[in-house]
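What follows is calculated from the coordinates using simple rules that are stated; it is not laboratory data. Fair warning: this is a prediction, and the values are worked out from it, not measured in the lab. Backbone-built Cβ (ideal geometry, glycine too); neighbour counts: all protein chains shown.
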Amino acid sequence: MSFKGLRKPYRSLALAAVAAGVVSTGCGQQYVVLHPVGPVGEQELHLMILAAIAMAVVIVAVFTLYFYAVARFRDKPGNAAPYRPEWHGHKLLETLWWIIPVVLLTVIAIPTVQVTYALDRLPKGKNPVVIDVTSLTWKWLFEYPGQHIATVNYLEIPTGKPVLFELTANSPMNTLWIPQLGGMEYTMPNRVLPLWLQADKPGMYWGDSGQYSGTGFEKMFFKVKAVSPKAFAVWASKTHATATPLTLASYHQLLKHDTMGQALYGSYPKDTFPSIASGFTLNGQGMYMTMHGPHGSIKYLPMSATQK
Amino acid sequence: MSSVPLAEERDQKLPVEFADEKESINITGFWTFLVTDVLIFASLFSTYAVMHKAAALGPTSVQLFKMGPVMLETLLLLTSSFTIGLGVYAMRRGQVRALMLWMVLTMLLGAGFVSSEINDFISFAHIGATWHTSAFLSAFDILVGTHGAHVTFGIFWALTLLFQLKKRGITARTARKVYTFSLYWHFLDIVWIFIFTFVYLNGKIVP
Amino acid sequence: MAHSETELTISEAYERDNDRALKFLKPRFHEEKFPMTQILGYIGSLILTFAAYFLVINRVLPSIALLAVILTLAVMQGALQLGVFMHVREGRGLAWQLIPLYLVFLIALGMVGMSVWIMLFKSGVS
Amino acid sequence: MPAFIVHLIHTLFPKTVLFPDILLIDLGLVVGGIGLFIFMTKTHRWGWLWREWLTTVDHKRIAVLYLIAAIVMLFRGGIDAEMIRAQLALPGTHFMPAIQYDEVFTTHGTIMIFFMGMPFIFALFNAVVPLMIGARDVAFPRINAMSYWLFACGAILFNISFIIGGSPDAGWTAYPPYTGLAFNPGPGENYYFLALIIAGIGTTMTGINFLVTTVRMRAPGMTLMRMPLFIWSAMVTSALVLFAFPPLTVALAMSLFDRLFGSSFFTLGHGGMPMMYVNLFWLFGHPEVYILVIPLFGVFSEVVATFSKKQLFGYPIMVASILAIMFLSYGTWVHHFFTMGAGPGVNVFFGLSTMLIAIPTGVKIFNWIFTMWGGRIQFTVAMLYQLAFIPTFVIGGATGVMLAAVPADYQFHNSYFVIAHFHNVIIGGTLFGLLSGLYYWWPKMFGSKLNEKQGRVAFWLFFIGFWVTFSPQYLLGLKGMTRRLYTYPAGLGWHELNVISTVGALIMGAGFVALVFNIVWTLVYGERDLTGDPWDGRTLEWSLPSPVPEYNFARVPVVHARDAWWDMKQKGQSLAQLSPEDVHDIEMPRNTPVPFLLGVAFFVVGFALTFKWWPIAGIGLAGVFAIIIFSGFDYEDHHHLKAEVVRKTEASLGRLQG
Ligand code: HEA
Ligand code: HEA
Ligand code: CUA
Ligand SMILES: [Cu+2]
């Protein structure tokens, strides 16, 4: 077994991987995670790239040492490399490989902390569009408290504005994921979790649930249409005026364990989204209210409640 | 093979339960088991800590807990810990009868504890507070119930040990068994102290 | 090698031990003519328990401080049980149980504390 | 037909277990079972089976039992994997119904982790730990057998779900509330919880056993800093098991109670908190992945030193790093649910602690490389797996660190990027390590080397197959493909990569076939190794004849150096030359049916609870207690092997002077 024998598969594999990537996609646009269209996805992408570069450094370093060692110290007759069976330590080297990883990790760690905190805040001075999201088995219900409309498995959002998703579930857990806008967040029963995303370019994107929730789970894809704020307002008021309302009866229909296509509703009953849930406080910039309920729990009034 | 022991250690005797190498390994093993049990209870405590405000529509801790029986239970268990401690003391001096007596006393105190606890649970059930009612009660019941089940198991264990002691007297092996039982019992006492503090007393503090 | 009923001296037990570096695991045995330690231990345990009880019933402190105090008392009680009744420092050869015990207390504390911290959902866009 | 029989048939055989493929397997099982029965009866082997295997407490035999189970489970889990890949190869396929796909990925993950990885590791522990430390058995031989039978009972319980009643289908993580009765009324999840609880009890006992064994049973002179690294890894793994399994047991029990007894821990209503399950599960789950890899770090440390003909580089640091990994692995569990909104403080804390783990792991990687540096590397199959491990694991670890960068994980979570990451570390680390250990210690366990040529074929198939399968999955992750997806629409650009991945899985399947062929061929034609030390090994197990006699060491060795056996060989000493006076009576544990019966009783409890047959469950439980009480009264648990017998055995192996 020789050095070349060991290395060849790597070389061909690397080539195969690259080739596969290029050939299979035609347009790399399908690498949705690598082509974000909003600030959230962009920041996440930057971090990924940074981490990938740091990791590439690690991998190159390790592979160099590794291949060199394997090539040089084979047990073959006449190998001139030094043989030191009792060599068992080297202070400097050993300290070195505690230190180098620390340095590399610091490089990743600092922006990780910054971005994590940054993404936890809505950008200042921008009024978000609020969308109340309920995951159902196996469909998404989106309610627009500001526009008084609701949709199923379809999102329309304005560009250039943060969109605040308030997530809950009336079903097993799911995650709301629109890869081109940014990362995902869980929907959980008895909780309301926040997630903000933003699209800077108009276009058609897609979203999905990342958390398996049963046999119809793969039907939870939905389309996300980002349009200019004006067009969004037009669409919203048109929907409000023309689409059939979501009644309580039809809401209960939605609760059935089943899949369905898209739907638009001109209005929706108020109690279908928990107006108060213990858990999150979203009171940045005074837009959100928290109250202390009985037993010290935090009551959370989403913005929708204050707008009414 | 090994260096010379320190002078002051030289004359001391090992107690009977450590006399045999193999049996003493069993004692290390039992400590290790207790370590896992600590974490079982730690997991239950975590659950309780997280859920104890999730009373849903059921009663809260302040409404539910009665300190009278709890103090009685605490007293019983602390005393039983004392009696089994004396039992081990007697065992190390080779007094079988005294050991068995202390063990019987320990079992009785334990039985008193368990019956008082069962009584509590029944009275909770009467006002509709079962573990179906809320996450809080589920967490409470499983924490206290797991402890109670441990105590019950301990009582039966002690019973089997009594038979063995009667038949074989104090040997390296029976002594090791009694010793591990005592470890188990004291351990349950410690767990109870934390239940007492973290569940019952704390349940009275937090409004 | 039958199960010997004879008692070994500590030095003999030590002969089988070969980790002299682990001095802190060296067992300590403690013998008495009268079970005084046990009795004092019992009294101590009662005092600790009732102290906690009366502190809470009379609400001598604000909630958080009170909780901290009674938890401290509980920890003291645990240490007392371990030291007095469970002979935690005894063993043959080395008292190996000490290491897992230290570890497990650390982990248990971390488990409870962190779980509470995680499940508080202490965040959000705030 | 009486109504209850009809009802029984409907419960045991609902529609979901009547797919044609399952019926085919049923048929195969029945035919095979009858065949086996006839064979055993014809050749009068039942008594042999009972005496030599079912009641054994010998760690070397238990190792073989674990090994058989692990390889069978690798097969089962592998077939599941092939089915997953078949279903995913093309968009919009319905190779199997959705419900069956959900069951298949669930059983794949669960079996690979709990019923393949862990028993395989325990097989290695049982096979060599006592030999390496110069002991005659583990600390608690009877408990060791109990561990095995509880594990076996859990494994069987889990596997029969496939043909009776329906498999679990909530993923290997089984998050509520999907596991609740409201969404999952069948018996599948009951099977999952009960099987894992029972097997988990067995695993915990194994942890206790090996911790105490490594701590208390070492040969004189083997101080902590003279223990082989495999022993260190066994010790640390056992500690991890002890600390990790309790939260799992609690989480599983609470989910089970929600289903069986109507409690409200994780339910939708009554204030239930599903996320607490997630918290407890990963409190276990993250240490678990290190349980799955640390033993193999130990294997690699032995293998690399042996086949580089050189001392391990940086031994003290290797020890320090393994301890550091143990500590750190308890503080990272939230990285599996960064996206559950625990807040930036929590996320940052756990993100950083996760990254920290990379440091001690990296130290080990460098030390392995520098062990080869200045050595003479022999490319045996065991060493090939080690050589494949380093680059594979480094890449898997590096992608792990990318996942630990919190906001990046918002995008990666639950995507195929994660799938690729963990197969990268779990196959590159765990599976390759297990196979390396298998090839390395096989001669010690069975007395002959596995054929190296065939081994090489299997190796290359596994290695190449692995990269073909899983490198496309990183790209799929970047294309937004989420895990546990039954099927996907065309047009997202996913399907070419999926086809490649499926081809890779077939190559790995071929690798498995080659491996099994290799084993069977060696068992039939293998050449007996008479030296007991075919690799010119360094640690004490190689000082013994292969296979090892029942009592292991006729005379307990005294250790003077780190690589004890190597040291002895350098000094021209040998354990092979005993003088008859050195041999004394040996106390050995006696065989007992207790562990096996305990397993059976637990099986009855588990099966009955799955279908809520309370009276039968009660009987089983009574059986469990009866057996425990009985063994408490049993003082006849050992016997004395006479010195004469030992002398005779040693003489027949040519190891006795005079
Ligand atoms: C054997 C099993 C194993 C091992 C060893 C690891 C090791 C690591 N894992 Fe992995 N992981 C899994 C098995 C494993 N994992 C599984 C099964 C899952 C998914 C479970 C599920 O959801 O079903 C998972 C998921 C998982 C996630 C969650 C992803 C998600 O669901 O969103 C994360 C996130 O942080 C993560 C991180 C890591 C890290 C940082 C390491 C580190 O320990 C890696 C350390 C190693 C190295 C980094 C390489 C060597 C180091 C050097 C050469 C030194 C220099 C390096 C640097 C400077 C970085 N893993
Ligand atoms: C030790 C752990 C381990 C191992 C070794 C493997 C091995 C493999 N896994 Fe594993 N996998 C997991 C642990 C593991 N997996 C876990 C924990 C999950 C998560 C589950 C969940 O989401 O809950 C998962 C999920 C998972 C998925 C994602 C499913 C989904 O989310 O929908 C996929 C998809 O490709 C996959 C593929 C494979 C393949 C191809 C192999 C191959 O290595 C298998 C190789 C094959 C064999 C070893 C033997 C096969 C033998 C034959 C087939 C006989 C010969 C026949 C032919 C040649 C046809 N696995
Ligand atoms: Cu085309 Cu990117
Ligand atoms: Cu992890």
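When D:HIS421, D:HIS584 are arranged by Cβ crowding within 10 Å, least crowded first, meaning fewest neighbours, the order is D:HIS584, D:HIS421. Close Lys pairs in region B:3-205 (alpha-carbon distance under 23 Å; sequence gap of 8 or more, or different chains): 10. Put simply, when D:425-435, D:494-504, D:262-272 are sorted by average Cβ atoms within 10 angstrom per residue, most first, you get D:425-435, D:262-272, D:494-504. For A:GLU185, the amide hydrogen comes within under 5 Å of the amide hydrogens of A:LEU176, counting only partners 5 or more places away or on other chains and with H modelled in the peptide plane. Dipole magnitude for the protein assembly as shown: about 1420 debye, using +1 per Lys or Arg Cβ and -1 per Asp or Glu Cβ, origin at the Cα centre.
Peptide D:583-590 has a mean shielding of 1, counted as Cβ atoms of other protein chains within 10 Å of each residue's Cβ.
Sequence-ordered 3J(HN,Hα) estimates for region D:528-540 from the Karplus curve with 6.51, -1.76 and 1.60 and θ = phi - 60° stand at 5, 8, 9, 6, x, 9, x, 9, 6, x, 10, 10, 4 Hz, glycine and proline given as x.
Shielding value for D:471-484 is 6, the average number of Cβ atoms from other chains within 10 Å of each residue's Cβ. Taking packing as the residue-averaged number of other Cβ atoms within 10 angstrom, the listed peptides D:528-541, D:111-124 run from highest to lowest as D:111-124, D:528-541.
In terms of its C-alpha gyration tensor, region C:35-90 has an oblate overall shape, because the principal axis ratio a/c (a ≥ b ≥ c, square roots of the eigenvalues) is not below 1.5 and a/b does not outweigh b/c.
Counting neighbouring Cβ atoms within 10 Å and putting the fewest first, the residues B:SER43, D:SER546, A:SER250 line up as A:SER250, D:SER546, B:SER43. Computed from backbone phi with θ = phi - 60° and the Karplus coefficients 6.51, -1.76 and 1.60, the 3J(HN,Hα) list for region B:108-124 is 5, 4, x, 4, x, 4, 5, 5, 4, 5, 4, 4, 4, 4, 5, 5, 5 Hz; x is used for glycine and proline. Residues whose amide H lies under 5 Å from that of A:GLU156, counting only those 5 or more places away or on a different chain, are A:LYS225; hydrogens are built 1.01 Å from N in the peptide plane. Converting phi to 3J(HN,Hα) with the Karplus coefficients 6.51, -1.76 and 1.60 and the offset θ = phi - 60°, region C:37-43 yields 4, 4, 5, 4, x, 4, 4 Hz in sequence order, with x at every glycine or proline. For the pairs A:LYS161/A:LYS230; A:LYS256/D:LYS479; D:LYS310/D:LYS571, flag any whose C-alpha to C-alpha distance is greater than 22 Å. Going by Cα-Cα distance, A:LYS256/D:LYS479 fall outside the 22 Å limit.
Per residue of A:87-97, other chain Cβ atoms within 10 Å of the residue Cβ number 6 on average. A viscosity of 0.692 mPa s and a temperature of 37 °C, combined with the Kirkwood radius over C-alpha pairs in the Stokes-Einstein formula, give region A:119-219 a diffusion coefficient of 238 µm²/s.
Taking a ≥ b ≥ c as the square roots of the eigenvalues of the Cα gyration tensor, the protein assembly as shown is oblate, since a/c reaches 1.5 or more and a/b is not larger than b/c. Neighbour counts of other Cβ atoms within 10 Å put D:THR354, D:THR392 in the fewest-to-most order D:THR392, D:THR354.
How tilted is helix D:432-446 with respect to the longest principal axis of chain D? Cα atoms for both, answer in degrees (0 to 90, nearest 10). Result, in degrees: 40.
When each of the peptides A:213-220, D:321-328 is scored by the mean number of other C-beta atoms lying within 10 Å of its residues, the order from highest to lowest reads A:213-220, D:321-328.
Angle of helix D:381-404 to the longest C-alpha principal axis of chain D, folded into 0 to 90 degrees and rounded to 10: 40°. Relative contact order of region C:35-90: 46 percent, from C-alpha pairs under 8 Å at least 6 residues apart in sequence. Please give the helix D:594-610 orientation as an angle from the longest Cα principal axis of chain D, in degrees from 0 to 90, rounded to the nearest 10. Once rounded, one gets 0 degrees. What FRET efficiency do you get for A:GLU42 and D:ARG51 if R0 is 51 Å and r is their Cβ-Cβ distance, rounded to the nearest 0.05? E(calc), rounded to 0.05, equals 0.15. Considering only B:ASN119, B:ILE27, B:PHE156, whose Cα is most displaced toward the positive end of the charge dipole of region B:3-205, charges sitting on Cβ of Lys, Arg (+1) and Asp, Glu (-1)? Towards the positive end, the residue furthest out is B:PHE156. Using C-alpha pairs under 8 Å with a sequence gap of at least 6, the mean separation divided by the residue count of chain D gives a relative contact order of 16 percent.
Amide H contacts of C:GLY91: C:ARG28, each under 5 Å away and 5 or more positions distant or on a separate chain (H built 1.01 Å from N in the peptide plane; Pro and chain starts excluded). What you get for region B:3-205, charging only the Cβ of Lys and Arg (+1) and of Asp and Glu (-1), is a dipole of about 500 debye around the Cα centre. Only aspartates and glutamates eight or more places from C:LYS23 in sequence, or on another chain, were considered; those with a Cα closer than 14 Å are B:GLU9, C:GLU90.
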